[in-house]
Amino acid sequence: MFVNLFRVDVLLTSFGGYWSVWPVLLGKLFRKPSFIILHGTDCASIPELNYGSLRLPLLKWACKISYQHASRLLPVSESLGNVFLDFDPVLIHKSQGIHYHFRDIKTPVTAVYNGFDHKLWPYEAFTKKPPNTFLAVMSAAQYRLKGGDIIEEIAWLRPDLDFKIAGLNALQKPLPPNLQFLGKLSQQELSNAYRSSRYYLQLSTFEGFGCALAEAMLSGCIPIGSSANHIPKIIAGNGLILQKKDRTMLLQAIQQLLSLSKPEEISRKARRHIIKNYSLTRRKETLSTLLNNYEQPN
């Protein structure tokens, strides 16, 4: 880091944590602007879900030092500044975000949305997707955080529907026969899974952005998303928003999707919405402008 410090104009770190402390402090010492891209877990403390870097005292201290002395913070959505989570009724720690956890930090904040290359997530006709197929993406550690538990409940109640979860292997417990776990997938395998599903479920209690949601919409999936964080803005009328983590409400939303009169039209609109608002080009231009035009304060 010391060698490269004198070869660069700007220091850019992805995720706040132990690794962001030295770039920020050295940048301040040698008057090099430093930026930190914040993704979600580095802005949250939700101990009941075992989630969030800020629930660990030493890691929280490292984040605070980093955020306090950085030139600018670049969260992937505005919700990471301050958000109140009322999707999951059992959640205790509902207030989240860097301004909630670090109220004395005055560092400038600019949201820079994630961007996607639509060519990596191709679209096929909605009619080619098998009927009644639902997909979700999560890791084993995110099972409850991203709604795997309620998807499992719904699968028991709707044996006529086909549910798949990518990113983890089957849990060691009795599971409904119509719930399939795909394990970890390559990018191409995940693209195939999106294109083989009509609907996508993003039922997160907390979600810094929702990359899988955007990828699924690019692939023509019609989503049901939770009301958490930036998810409603990503969906933006091209699917349904579930206001509460409630089994009855989710069943009603699923039935509403299955009853759509022109699903292919919504499917195509979902793809166009992501291309227009969350392109990789747009992210590149925003980041380049911020990094190239930054002036250190006197």
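The values are calculated or read from the model by the stated rules, or taken from the named source; none is laboratory data. Everything numeric in this text was worked out from a predicted model, so none of it was measured. Neighbour counts run over all protein chains shown; Cβ positions are idealised from the backbone, glycine included. Note: accessible area is taken over every heavy atom of the protein model, side chains too, but ligands, DNA and RNA are not part of it. Shrake-Rupley method; radii C 1.70, N 1.55, O 1.52, S 1.80 Å.
Laid out as a table, the results:
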quantity: Filtered residue count, region 239-248, keeping only those that are loosely packed, with under 14 Cβ neighbours inside 10 Å and free of Cβ contacts under 8 Å to residues at least 40 places away in the same chain; calculated: 1
quantity: Matching residues in region 74-102 - criterion: being touching a helix residue (DSSP H, G or I) at 6+ places or on another chain (Cβ under 6 Å) and within 27 Å of Ser288 (Cα to Cα); calculated: Leu80, Gly81, Asn82, Gly97, Ile98
quantity: Pairs with Cβ under 8 Å, 6+ apart, first in region 188-215 and without any contact (Cβ under 8 Å) to a residue 40 or more places away in the chain, second in a loop (DSSP other than H, G, I, E, B) and not acidic (Asp, Glu); calculated: Gly210/Ser204; Gly210/Asn229; Gly210/His230
quantity: Which listed residue, of Ser186, Ser226, is among the small types (Gly, Ala, Ser) and open to solvent by less than 50 Å² (accessible area, probe 1.4 Å); calculated: Ser226
quantity: Qualifying residue in region 190-207 (condition: at negative phi, at pLDDT 95 or above, of a type in the set (S, T, N, Q) and part of a helix (DSSP H, G or I)); calculated: yes
quantity: Members of region 249-259 found to be more than 18 Å from Ser227 (Cβ to Cβ) and surrounded by 14 or more Cβ atoms within 10 Å (Cβ to Cβ), listed by number; calculated: Leu258
quantity: Residue selected from region 139-162 under the condition farther than 17 Å from Leu257 by Cβ and part of a helix (DSSP H, G or I), by the criterion least open to solvent (accessible area, probe 1.4 Å); calculated: Gly148
quantity: Condition broken by Ile105, with the remaining ones in (1) open to solvent by 30 Å² or more (accessible area, probe 1.4 Å); (2) within 26 Å of Leu290 (Cα to Cα) satisfied; calculated: (1)
quantity: Residue pairs meeting the criteria (Cβ under 9 Å; at least 6 apart or on separate chains; first within 23 Å of Gly239 (Cα to Cα) and hydrophobic (A, V, I, L, M, F, W, C), in region 269-294; second modelled with pLDDT of 95 or more and surrounded by fewer than 14 Cβ atoms within 10 Å (Cβ to Cβ)); calculated: Leu280/Asp117
quantity: Every residue from region 108-138 that is without any contact (Cβ under 8 Å) to a residue 40 or more places away in the chain and open to solvent by 70 Å² or more (accessible area, probe 1.4 Å); calculated: Lys119
quantity: Enumerated helices (runs of 4 or more DSSP H) restricted to region 1-101, each holding at least 1 residues that are charged (D, E, K, R) and open to solvent by 60 Å² or more (accessible area, probe 1.4 Å); calculated: 18-29, 57-69
